[in-house]
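Everything on this sheet refers to the single structure shown next.
The values are calculated or read from the model by the stated rules, or taken from the named source; none is laboratory data. Predicted, not measured: the structure shown is a model, and the values here were computed from it. FYI the Cβ positions are ideal-geometry reconstructions off the backbone, even for glycines, and counts take in every protein chain you see.
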Amino acid sequence: MSAQLRQEEIDELRAAFDSFDADGSGSISHDELAKMLTQISPHQRLTKDQIILMVKTFDKNGDNQIDFQEFMDMMLSVQRNKDDELSDVFSFFDKDNSGTITAEEIMNVMRSLGERVTLEECQLMVKSVDVDGSGNIDKDEFFKMMRNGFEVQHLD
C-alpha cells in the first residue's frame with residue numbers, strides 16, 4: 001500500500017510515527033497507540049480491548065505492535081474510509097449522477113434539509129470551490145473542500 005504514497009507523504013508519516021514511538025523501539029505498543037489516539041482525538045476514548053483489536057487488525061507480523069509499514073497501512077486504511085464517506089456525501093448532492101454538483105443541486109438539498117438558501121448563495125458556494133472554472137464542483141474539488149474547509153468568497 002505504501003506504493004500509493006509520495007515520498008513527502010511517507011516522510012510526514014515517518015515523523016508522526018516517530019513522535020508516537022516514545023521509547024524509540026521502531027514500533028508502537030498498545031500503550032503508545034492509546035496515547036497517540038488520545039492526543040489526536042481527546043474527546044473519544046477507546047477501551048483497552050478496542051486498542052488491542054486495532055493493533056491485531058494491522059499487525060501483520062504478529063509481534064503485537066505496529067511497525068512503520070503497518071502504521072502506513074493503518075493510515076491509508078483510515079484515509080480510504082474517509083474517502084468512502086466523502087464519496088457518499090458527494091453522491092448525496094450529485095442527484096443526477098453527472099459526476100459534478102451544481103448550484104441547483106446544492107440548493108435543492110439544502111432546502112430539503114430545511115435551510116433557507118437562494119440560488120445566488122449556492123452559486124457563490126460553487127464559485128468559492130470551483131478551481132477549474134467549470135461552474136460546477138467535481139469530486140476532486142469537493143474532496144479538497146471537505147478536507148481543507150472552505151470559505152465563501154464574496155463577489156465584488
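Can we say residue 39 is within 18 Å of the chain's Cα centre (by Cα), over 19 Å from residue 80 (Cβ atoms) and surrounded by fewer than 16 Cβ atoms within 10 Å (Cβ to Cβ)? Explain how you work it out, then say what you get.
Working: within 18 Å of the chain's Cα centre (by Cα): yes; over 19 Å from residue 80 (Cβ atoms): yes; surrounded by fewer than 16 Cβ atoms within 10 Å (Cβ to Cβ): yes.
Against the criterion (within 18 Å of the chain's Cα centre (by Cα), over 19 Å from residue 80 (Cβ atoms) and surrounded by fewer than 16 Cβ atoms within 10 Å (Cβ to Cβ)), residue 39 qualifies.
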Item to check | Answer residue from region 49-73, given it is assigned to a loop (DSSP other than H, G, I, E, B) and not charged (D, E, K, R) and is surrounded by the most Cβ atoms within 10 Å (Cβ to Cβ) among those | outcome: 65
Checklist entry - Considering 46, 86, which residue is at pLDDT below 95, in the same structural domain as residue 15 (by TED's automatic domain parsing) and surrounded by 11 or more Cβ atoms within 10 Å (Cβ to Cβ)? => result 46
